[in-house]
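**Q** One structure follows; several queries about it will come next.
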Amino acid sequence: MFFIGIFGIGTQDKFLREVSFKCTGCLEDNAELFQLGKTFQLFFIPLYTFGITYVLKCETCNSLYKINSKSIDKILSTGNVSYDDIKEIIYEHDVHSNNYR
């Protein structure tokens, strides 16, 4: 968090819900949806949130996916995420790698 006098800028991570998504890293179905953003604060009280992004985290392998903002309403109402809802892969755990060379 960065403060100048009584004003500051911090980060905000908010859990939205558990969703069903077939992870490309481990092929499991359990994931969590988060809203990430920066907040403008006055005396540690958030006044305004900006730079909002939505991230999907696999509960099994911790792979991370950025979600299209246009898909959020559908995901929140149904609890299902399709591959079309993914904007980009931030981190993908490769459970199929072979380190036994």
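**Q** Hey, what number do you get for the chain at 222 nm if only DSSP H runs of n ≥ 4 count, each worth -39500 (n - 2.57), divided across all residues, to the nearest 500? List each step's numbers first, then the result.
**A** Details: 1 runs with 7 residues, N = 101.
After summing the helix terms and dividing by the residues of the chain, the value is -1500 deg cm²/dmol.
**Q** Quick one: compute a quarter of the convex hull surface over the Cα atoms of the chain and quote it in nm². Intermediate results must be reported in sequence, preceding the final value.
**A** Working: hull surface 33.2 nm².
Quarter of the Cα hull surface area: 8.3 nm².
**Q** Counting alpha carbon pairs within less than 8 Å and at least 6 residues apart, what relative contact order, in whole percent, applies to segment 15-91? If you can, show how the numbers build up before the last one.
**A** Working: 146 pairs, mean separation 21.5, N = 77.
So the answer I get is 28 percent.
All of the numbers you see were taken from the coordinates with simple rules; none came from a lab. Values in this document were obtained by computation on a predicted structure and should not be read as measured data.
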